[in-house]
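K.L.:
Okay, handing you the structure first.
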Amino acid sequence: MLTCKDVAHRADALIDGELTGWDLLKLQMHLALCGACRRFVDQMRVTRDISRTVLALPPEDLKGTEAGRIDSLLSRLHDQKQHGGS
Amino acid sequence: MAPSTFKDPEFLARLAAGDRAAFEQLFRQYNAGMVRLATTILKNRASAEEVTQEAWLSVLTHIGQFERRSSLAGWIFTILVNAARRRAVNDGRIVQFDHDDRIDPLADAFDGRGRWKHHPELRESMTAEHIVADRDMLEHVEQAILHLPPAQRSVLILRGQRGMESADVCRILDITDCNMRVLLHRARQTLKSRLEGVLA
């Protein structure tokens with residue numbers, strides 16, 4: 001039987017869908033009986049979602065500059081090809 | 001377009017042909033993460049932006065050589081990290097991702113039998129929607145991520161990229177799977193504690 005400490009250290013693998021077979025089953029059995037660990041896993045899932053959401057946003061000073069940067073890159077690529085660079 | 005289709009041959013062909021719309025999709029998906037990761041490595045925002053631009057040029061130039069053995073995200077971030085490593089070496093710095101001497105944030109959370117000393121609580125206000133809608137909270141999370149040790153922050157950034165596989169993260173940072181999991185665990189634990197502190 002896993003302890004709460006074991007579950008806490010496997011929580012990332014669980015929420016990232018990386019546990020399978022017996023490892024997953026043992027953890028699910030513990031969660032079925034332990035409300036504290038269920039809340040911990042929920043906390044970790046929310047933390048993962050928040051960090052992903054925040055990291056997907058452009059840094060404040062880059063917001064709204066994407067179109068210009070894309071044009072600049074494509075222009076540099078065009079120049080590079082014109083001059084036979086790689 | 002969902003990131004999974006970034007490996008679609010038709011999408012890659014459009015990219016190789018210089019299709020602006022295809023490149024824009026890719027750029028909007030990954031540029032923020034690339035700048036964040038390059039900043040983490042180089043500790044200098046201007047250099048990070050230069051390196052990111054160079055990485056994008058390299059991606060566009062060599063997209064025909066992408067063999068789909070890794071995810072496209074993994075391939076792009078490999079190019080970025082290699083460029084950032086070269087820049088760091090030129091600047092006289094050594095870049096390592098396997099060093100993290102911080103203690104485990106959960107080290108003192110359990111009794112001798114592995115049970116919680118204090119039961120975790122889930123706050124209703126701790127949701128991604130709530131955080132993103134609140135500018136101050138967003139800033140708190142940004143700052144919390146910024147204050148993570150570089151190795152933890154790098155893993156968190158890479159694991160947050162859509163389409164990125166965990167094997168890609170290990171290869172890009174040249175760390176073991178076990179090390180990557182420890183870094184990710186510590187990063188999320190620290191972030192969770194900071195969020196709980198702000199929401200308390």
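The values are calculated or read from the model by the stated rules, or taken from the named source; none is laboratory data. Just so we're clear, the structure is a prediction, and the values are computed from it rather than from any experiment. Reconstructed Cβ throughout: ideal geometry from the backbone, glycine too, with neighbour counts over all protein chains shown.
K.L.:
Restricting attention to the stretch B:86-114, report how many residues are of a type outside the set (A, V, I, L, M, F, W, C) and under 16 Å from the mean Cα position of the chain (by Cα).
P.N.:
Counting residues in the stretch B:86-114 that are of a type outside the set (A, V, I, L, M, F, W, C) and under 16 Å from the mean Cα position of the chain (by Cα) gives 2.
K.L.:
I need the full set of residues from the stretch B:172-200 which are within 9 Å of chain A (Cβ to nearest Cβ) and among the basic types (Lys, Arg), in order please.
P.N.:
Across the stretch B:172-200, the qualifying residues are B:ARG181, B:ARG188, B:LYS192.
Each row is one residue, and each column tells you yes or no for (1) within 11 Å of another protein chain (Cβ to nearest Cβ); (2) part of a loop (DSSP other than H, G, I, E, B); (3) out of contact with any helix residue (DSSP H, G or I) (no Cβ under 6 Å at 6 or more places or on another chain); (4) not aromatic (Phe, Trp, Tyr).
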| residue | (1), (2), (3), (4) |
| --- | --- |
| B:ILE79 | no, no, no, yes |
| B:ILE94 | no, yes, yes, yes |
| B:GLY112 | yes, yes, yes, yes |
| B:LEU122 | yes, yes, no, yes |
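K.L.:
Still on this structure: Of the residues that sit in the stretch B:7-23 and are more than 15 Å from B:TRP75 (Cβ to Cβ) and among the acidic types (Asp, Glu), which one is surrounded by the fewest Cβ atoms within 10 Å (Cβ to Cβ)?
P.N.:
The extreme case among them is B:GLU10.
K.L.:
With chain A as the region, which helices (runs of 4 or more DSSP H) entirely inside it contain at least 1 residues that are under 30 Å from B:CYS178 (Cα atoms), more than 7 Å from every other protein chain (Cβ to nearest Cβ) and more than 14 Å from the chain's Cα centre (by Cα)? So that I can check it myself, show each step before the final result.
P.N.:
Working: elements: A:4-15, A:21-33, A:35-56, A:66-82.
It comes to A:4-15, A:21-33, A:35-56.
K.L.:
Quick one: in the stretch B:89-128, of everything that is among the charged types (D, E, K, R) and within 14 Å of B:LEU199 (Cβ to Cβ), which residue is surrounded by the most Cβ atoms within 10 Å (Cβ to Cβ)? So that I can check it myself, show each step before the final result.
P.N.:
So the first thing to find is which residues in the stretch B:89-128 are among the charged types (D, E, K, R), and the list is B:91, B:93, B:98, B:100-102, B:104, B:108, B:111, B:113, B:115, B:117, B:121, B:123-124.
Okay, now just the ones that are also within 14 Å of B:LEU199 (Cβ to Cβ), so B:121, B:123-124.
On the way: B:GLU121: 11, B:ARG123: 13, B:GLU124: 7.
That would be B:ARG123.
K.L.:
Follow-up. Identify, from the list B:GLN161, B:GLN152, the residue that is in a loop (DSSP other than H, G, I, E, B), out of contact with any Cys (no Cβ under 9 Å at 6 or more places or on another chain), at pLDDT 85 or above and not hydrophobic (A, V, I, L, M, F, W, C). Show your work before the answer.
P.N.:
Numbers: B:GLN152 fails: in a loop (DSSP other than H, G, I, E, B).
When all the criteria are applied, what remains is B:GLN161.
K.L.:
How many residues, within the stretch B:1-49, are in contact (Cβ under 8 Å) with a residue 24 or more places away in the chain, closer than 19 Å to B:ALA88 by Cβ, of a type outside the set (S, T, N, Q) and within 12 Å of chain A (Cβ to nearest Cβ)?
P.N.:
Number of matching residues: 6.
K.L.:
Continuing with the same structure: So is B:ALA167 assigned to a helix (DSSP H, G or I), of a type in the set (A, V, I, L, M), surrounded by fewer than 17 Cβ atoms within 10 Å (Cβ to Cβ) and under 15 Å from the mean Cα position of the chain (by Cα) or not?
P.N.:
Numbers: assigned to a helix (DSSP H, G or I): yes; of a type in the set (A, V, I, L, M): yes; surrounded by fewer than 17 Cβ atoms within 10 Å (Cβ to Cβ): yes; under 15 Å from the mean Cα position of the chain (by Cα): yes.
Against the criterion (assigned to a helix (DSSP H, G or I), of a type in the set (A, V, I, L, M), surrounded by fewer than 17 Cβ atoms within 10 Å (Cβ to Cβ) and under 15 Å from the mean Cα position of the chain (by Cα)), B:ALA167 qualifies.
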